[in-house]
Amino acid sequence: NADAAKSRAKEFGRDNFQFYAPEFNSSAHEKFLLQGELRNALARSEFALLYQPQVDLRSGQIVAVEALVRWNHPARGLVSPMTFIPTAEETGLIVPIGDWILHEACRQNKAWQRAGLPPVTVCVNVSARQFREKNLIDRVVNALKESGLEARYLELEVTESLIMQDFELAVATMNGLQGLGVQISIDDFGTGYSSLSALKTFPVQRLKIDKSFIDDLATDENDQAVTSAVISLGQKLNLRVLAEGVETDDQVAFLRKNNCDEMQGNYFSKPLSAGDLGKLIAKG
Ligand code: C2E
Ligand code: MG
Ligand code: MG
Ligand code: MG
């Protein structure tokens, strides 16, 4: 059920960062420190983006890359987005930080194209707070203009809960984005609460099945049932379906057998620096 999926998603989040330097813990004092340091982090250019490839399961080609933010904290080392995005959201700092992410991701994607690499889509995570900003569409237009990136090479990732928080506003914003030619996908699909009837009205192109359903795909019949059902749902609604967090041969075999379109995960590649990702795209 949804609660179990959510708690598994959280566990996954924790596991995912075991290799990072000690994080801010959750005491009020630590949170206060985090806010203060976040305020300065943009001015000090402490954020960086990594890019994780998304691969077409039929052709094996890299079709897109997801931009994933990292905070190079001068004392604490690399801080995970799971640690600072929630505080950035609460304080509204996600708006300027998110703007920087959007501009940087578009700039980098255009730079790969200018270097002669085969074009890919860059996917940028957008948080609820950013999505509620009245001028989100203007911000996206600016990032595209400034970078020279064509809209079709930008995709925004939103979650079901973001959409359901204010359904009508979200659909209107998504329609506006689609009018620009920007693509939209639903991230962490299956962990939120969107209804199937709502789903068919979302102007989105792609579903990303949450990693919590993929982890035990080789052995867990419930996860197999959910995953194959989401894949057929996507096919019937004319949406592409991507599996997140793919790590093993068995998972890939299941996804291929069930006609999943795309995968992302450490099986193919972990998130890479822009330079390393460029080399990987160049190799084809
Ligand atoms: P997400 O958007 O669902 O991103 C996928 C996460 O799964 C990434 O964690 C990625 O590194 C991790 N991952 C991918 N494949 C594997 C795998 O095979 N095994 C394991 N163990 N992990 C895998 P990351 O980069 O730490 O990001 C965590 C979350 O933080 C993201 O989840 C997203 O919700 C948020 N986030 C990251 N970057 C941004 C950003 O630029 N803006 C916003 N608003 N949120 C972001
Ligand atoms: Mg994402
Ligand atoms: Mg996800
Ligand atoms: Mg997520």
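Read-outs: derived from the displayed coordinates by stated rules, not from any lab. On a predicted model such as this, the values are computed, not experimentally measured, just so you know. Here the Cβ is made from the backbone with ideal geometry for all residues, glycine too, and neighbour counts use every protein chain on show.
Sorted from fewest to most neighbouring beta carbons within 10 Å, what does the list 73, 103 look like? Please list the in-between numbers first.
Details: 73 20, 103 17.
Going from sparsest to densest Cβ surroundings: 103, 73.
Return 121, 191, 91 ranked ascending by Cβ neighbour count within 10 Å, so the fewest neighbours appear first. Intermediate results must be reported in sequence, preceding the final value.
Values: 121 20, 191 23, 91 15.
Listed from fewest to most nearby Cβ atoms, that is 91, 121, 191.
If the chain were replaced by its equivalent ellipsoid, with semi-axes equal to the square roots of 5 times the Cα gyration tensor eigenvalues, what would those be, largest first, whole Å?
Equivalent ellipsoid of the chain: 27, 23, 21 Å, largest first.
Cut-off is 10 Å between beta-carbons; in what order do 215, 166 appear when sorted fewest neighbours first?
Ranking 215, 166 by Cβ neighbours within 10 Å, fewest first, gives 166, 215.
Note down the magnitude of the dipole of segment 135-259 about its Cα centre, charges +1 on Lys and Arg C-beta and -1 on Asp and Glu C-beta and zero elsewhere, to the nearest 20 debye.
680
Convex hull volume of the Cα atoms in segment 40-166, per residue, in Å³?
With only Cα atoms used, segment 40-166 gives 132 Å³ per residue.
Lysine pairs in the chain with Cα distance under 12 Å, only those 8 or more apart or on different chains: how many are there?
4
Would you grab the residues whose amide H sits under 5 Å from the one on residue 63? Only those 5+ places off in sequence or on another chain, please, with H modelled 1.01 Å from N.
For residue 63, the qualifying residues are 54, 55, 56.
Using amide H atoms built 1.01 Å from N in the peptide plane, name the residues 5+ places from residue 159, or on other chains, whose amide H lies under 5 Å from its own.
Residues meeting the criterion, in which the H sits 1.01 Å from N, are 187.
Residue by residue, what Karplus-based ³J(HN,Hα) values in Hz, rounded to whole numbers, does segment 257-264 have, using 6.51, -1.76 and 1.60 with θ = phi - 60° and x for Gly and Pro?
Using θ = phi - 60°, the values come out as 4, 9, 6, 5, 7, 9, 9, 9 Hz.
log10 I(q)/I(0), Debye, Cα-only segment 181-230, no solvent, q = 0.23, 0.27, 0.29 Å⁻¹?
-0.88, -1.07, -1.15
For segment 111-190, taking Cα atoms only, what is the radius of gyration to one decimal and the Dmax to the nearest whole Å?
Reported Rg and Dmax, both Å: 13.2, 41.
If the only charges are +1 at each Lys and Arg Cβ and -1 at each Asp and Glu Cβ, what is the size of the charge dipole of the chain around the Cα centre, to the nearest 20 debye?
On the way: 30 positive and 37 negative charges, 177 e Å.
Dipole of the chain, to the nearest 20 debye: 840 debye.
Among rounded, prolate and oblate, which fits segment 145-284 when a ≥ b ≥ c are the square roots of the eigenvalues of its C-alpha gyration tensor, a/c under 1.5 means rounded, and a/b larger than b/c means prolate?
oblate
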